Amino acid sequence: MEQDESRKWHLEYPQIGPDLSLVSEPGSTQRAQNFKDFRVWQQGQDLVTLVYSLVRKFPREETYGLTSQLKRASVSVPSNIAEGWGRNRTGYLNLGLCYARGSVHEVESQLITAINLGYLNKAETATAMDLIMRCSAGLLNFMSKLEIKR
């Protein structure tokens, strides 16, 4: 009975794909040993650092509003990549990359809001916006590569 349930689950969720022993990031010839090997994870960590630096300029009344939201969205980028990797299936990694890309653009939108509210200016966010575009493109490229493998 338990074996039949397991087979049924795999038929319903075939998107999980093979294990991650065969995964490498686009543009890399080496197989990843850990999620920390991925350039997109490293860029996500850089984005967290940048966001935490930028929100220090926000007014105190934003501590539980936009400041908190920006921090959570930025931390979500590398966290989702790590979680997808940790599930050890290409489909889950692809889903983690997808969530990470959504969070990247959430950060972008929130930084635009911060500019519109006068908390930051375009020059202050230029490095973060550039990193957001590079990270978004890298995540999309990686997701496309994983889709092709399936």
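The numbers here are math on the coordinates, done by the rules we state, and not lab data. Bear in mind the structure is a predicted one, so any value in this text is a computation, not a measurement. All Cβ positions, glycine included, derive from the backbone under ideal geometry; neighbour counts span all protein chains shown.
Using the Kirkwood radius built from alpha carbon pairs, what does the Stokes-Einstein equation give as D for the range 28-150 at 20 °C and 1.002 mPa s, in µm² per second?
145 µm²/s
Return the Cα extents of the range 35-103 along principal axes one, two and three, sorted largest first, each rounded to a whole Å.
So the three principal-axis extents are 43, 19, 15 Å.
Of SER109, GLY86, CYS135, which is farthest along the charge dipole of the range 71-150 in the positive direction, counting Lys and Arg as +1 and Asp and Glu as -1 at C-beta?
It is GLY86.
Give LYS36/LYS71; LYS71/LYS145; LYS36/LYS122; LYS36/LYS57 a once-over and call out the pairs whose C-alpha atoms are over 23 Å from each other.
Cα-Cα > 23 Å for LYS71/LYS145; LYS36/LYS122; LYS36/LYS57; rest within.
Out of ALA100, SER74, LEU50, whose Cα points farthest toward the positive end of the dipole of the range 34-149 (charges: +1 Lys, Arg; -1 Asp, Glu; placed on Cβ)?
Working it through, the farthest residue towards the positive pole turns out to be ALA100.
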